[in-house]
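Working notes for the structure below.
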Amino acid sequence: MNRAVRTAPLLVVVLCWILVCLRVAPATEAAHVSNREIVIDAFERWVEGTGTPFEFLADDATWTILGPTPTAGTYSLKRLREEILSPFQARLATPLVPVVRAIHADGDTVIVLFEGTARLVDGERYVNSYAWFFRFERGQVRAVTAVLDLTAFDRVVGRTPRTGS
């Protein structure tokens, strides 16, 4: 039997072993870094007033708010904007500005811990702590889970909105 024919199975085993060793870890880690960088960039632009974290969400993404109040639930982006964000923003005299405390990537998920502050139309200051969990698929966020002090948030939404908006 030809020497090349005898060593072919060994060569296949070695190549498979090399592929297993090089396999998913570097590519997966690169994807996590990429997803993390997408979130970092979005939050930096939000702080600068030139963007928002909503820009990299898929059109069909869902947003789940956890908590004990009627605001808690799962929303399409359209419903989130209409039922949650618009009423909230109508009560702000200044934009909500995030101060990021930590950003972690784990698998397809990027977690951001931040505090948001704004001035309300009645002159009071709004401060809340947030943890947003972004679940990525193919470079876009398909689902977000948000944790925050919903009682504080709901108190703001219950205030009189600004007029002329």
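Details
- Bridge type composition, the stretch 36-165 - antiparallel percent by DSSP, nearest 5: 85 percent
- Applying 0.36 nm per residue to the separation of T151 and L113 and subtracting their alpha-carbon distance, the gain on full extension is 11.8 nm.
- Remark: L148, L113 ranked as L113, L148, counting other beta-carbon atoms within 10 Å and listing the fewest first.
Read the figures in this text as sums done on the coordinates, not as results from a lab. Quick caveat, the model's predicted, so the values are computed rather than measured. Glycine also receives a Cβ, built like all others from the backbone with ideal geometry; neighbour counts cover every protein chain displayed.
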